[in-house]
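Accompanying notes for the structure given below.
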Amino acid sequence: MSALAELDDETVRSMAVGAIFDDFVGKISCLDFHRTEDLLITSCEDDSIRFYNITNAMLLKTTYHKKHGADRVCFTHHPNSILCSSRYDLESTESLRYLSMYDNRCLRYFKGHKERVVSLCMSPINDSFMSGSLDHSVRLWDLRVNACQGIMRLRGRPTVAYDQQGLVFAVAMEGGAIKLFDSRSYDKGPFDTFLVGGDTAEVCDIKFSNDGKSMLLTTTNNNIYVLDAYGGEKRCGFSLEPSPNLASEATFTPDGQYVVSGSGDGTLHAWNINKRNEVACWNSYIGVVTCLRWAPRRAMFATASTVLTFWIPNQSKLNEERSTAEVGHGG
């Protein structure tokens, strides 16, 4: 698999399915890439957590979690350790678990949330992590301590994200408001609030671009917005087919120049955010995509519904695109 050179419209357009994994029983809930290793993790309604090497598209390990289930998952800094939120018995159980995939052991439980966790993210610089739950709270934690380190009560469905430098985190709440906090002094309250003008749908996903300049918001009615992460101005927005009871996911490419998203009609779309134009539209081949992430250091993205697919550049298609472009320029 190719390391990530600079992306251009032709490379993005040439992306095609390179691997398919269809042995899941139920919907895949979440997927996450490790920040520095070529690893991917998935969670599924069948209570499984699966661990993949993305360079050779190999399933390395499957573990089952029948007691608590497996809902949201994300890697910690260690390539064999993950965070996982519970699916069952949420009132009385440990809502979050710190797991070692190496020996399938629970390293720590984190109690506090009373409802399902819908957003989970790890700080890129230290052992802090955040969770947002349907119990209308955002909790801040430290991997080394069982006790919750901080709590925010809010209205609506909370969504959380750290920026790539770990200095700032964003919390989305009711009415499309995005509040930004300094992660070292969050108890002082937000230092800025952005409003997604005119769209009152709840934000179900936030991502920061790697360079920290842009923020990607996905709403429950399948609108996508790219905001300037410093001033909150809307850089561009795209509307997709809604998918009843299914939230789509969108992702930045690692260079922050493109956005890729699923749509309610089972297609995938890619846009160049500087030119604000669509550069590609594909059939997903797996129905409505509910999870979508671009690998941090690779020309590759993964999509999931009840099936997992890896997308990579199709070299022959890419060469064809390039030669057509050259002929066009020559003319």
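The values are calculated or read from the model by the stated rules, or taken from the named source; none is laboratory data. Just so we're clear, the structure is a prediction, and the values are computed from it rather than from any experiment. Positions of Cβ are generated from backbone atoms using ideal geometry, with glycine treated the same way; all protein chains shown enter the neighbour counts. Only protein heavy atoms, including side chains, enter the accessible area calculation; ligands, DNA and RNA are left aside. Shrake-Rupley method; radii C 1.70, N 1.55, O 1.52, S 1.80 Å.
Numerical summary
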item: Residue satisfying all of: in the stretch 198-219; open to solvent by 60 Å² or more (accessible area, probe 1.4 Å) and free of Cβ contacts under 8 Å to residues at least 40 places away in the same chain; farthest from Leu140 (Cα to Cα) among these; result: Gly198
item: Scope the stretch 72-87; condition in contact with a Ser or Thr (Cβ under 7 Å, 6 or more places away or on another chain), assigned to a loop (DSSP other than H, G, I, E, B) and not charged (D, E, K, R); matching residues; result: Asn80, Ser86
item: Test for Ser131: is it under 20 Å from Val171 (Cβ atoms) and of a type in the set (Ser, Thr, Tyr); result: yes
item: Qualifying residue in the stretch 280-289 (condition: among the hydroxyl-bearing types (Ser, Thr, Tyr), open to solvent by 20 Å² or more (accessible area, probe 1.4 Å) and in contact with a strand residue (DSSP E or B) (Cβ under 7 Å, 6 or more places away or on another chain)); result: yes
item: The stretch 193-228: number of residues that are of a type outside the set (Gly, Ala, Ser), in a loop (DSSP other than H, G, I, E, B) and within 16 Å of the chain's Cα centre (by Cα); result: 3
item: Residue identified as farther than 20 Å from Thr42 by Cβ and either touching a residue at least 40 places away in the same chain (Cβ under 8 Å) or in contact with a Phe, Trp or Tyr (Cβ under 7 Å, 6 or more places away or on another chain) (or both) among Thr309, Thr267, Thr290; result: Thr267
item: Test result for Gln149, open to solvent by 50 Å² or more (accessible area, probe 1.4 Å) and in a strand (DSSP E or B); result: yes
item: Test: residue in the stretch 313-321 that is open to solvent by less than 10 Å² (accessible area, probe 1.4 Å) and either in a strand (DSSP E or B) or at pLDDT 95 or above (or both); result: no
item: Selection count, the stretch 164-192, where residues are under 22 Å from the mean Cα position of the chain (by Cα), open to solvent by less than 60 Å² (accessible area, probe 1.4 Å) and more than 23 Å from Arg97 (Cα to Cα); result: 12
item: Answer from Asp135, Asp103, Asp182 - the residue that is among the acidic types (Asp, Glu) and either in contact with a helix residue (DSSP H, G or I) (Cβ under 8 Å, 6 or more places away or on another chain) or modelled with pLDDT of 95 or more (or both); result: Asp182
item: Filter pass, Ser119 being in contact with a Gly (Cβ under 7 Å, 6 or more places away or on another chain), in a strand (DSSP E or B) and under 18 Å from Cys30 (Cβ atoms); result: yes
item: In the stretch 42-58, the residues that are open to solvent by 10 Å² or more (accessible area, probe 1.4 Å) and within 19 Å of Ala299 (Cα to Cα); result: Asn53, Thr55, Asn56, Ala57, Met58
item: When residues of the stretch 25-41 are limited to those that are more than 16 Å from His78 (Cα to Cα) and in contact with a Leu (Cβ under 9 Å, 6 or more places away or on another chain), the one surrounded by the most Cβ atoms within 10 Å (Cβ to Cβ); result: Ile28
item: Residue check, Asp22 closer than 19 Å to Leu292 by Cβ and out of contact with any strand residue (DSSP E or B) (no Cβ under 7 Å at 6 or more places or on another chain); result: yes
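Residues are listed down the side, and each one gets a yes or a no for (1) closer than 23 Å to Glu249 by Cα; (2) at pLDDT 95 or above; (3) part of a strand (DSSP E or B):
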{"residue": "Thr42", "(1), (2), (3)": "yes, yes, yes"}
{"residue": "Phe51", "(1), (2), (3)": "yes, yes, yes"}
{"residue": "Thr63", "(1), (2), (3)": "no, no, yes"}
{"residue": "Ala70", "(1), (2), (3)": "yes, no, no"}
{"residue": "Asp89", "(1), (2), (3)": "no, no, no"}
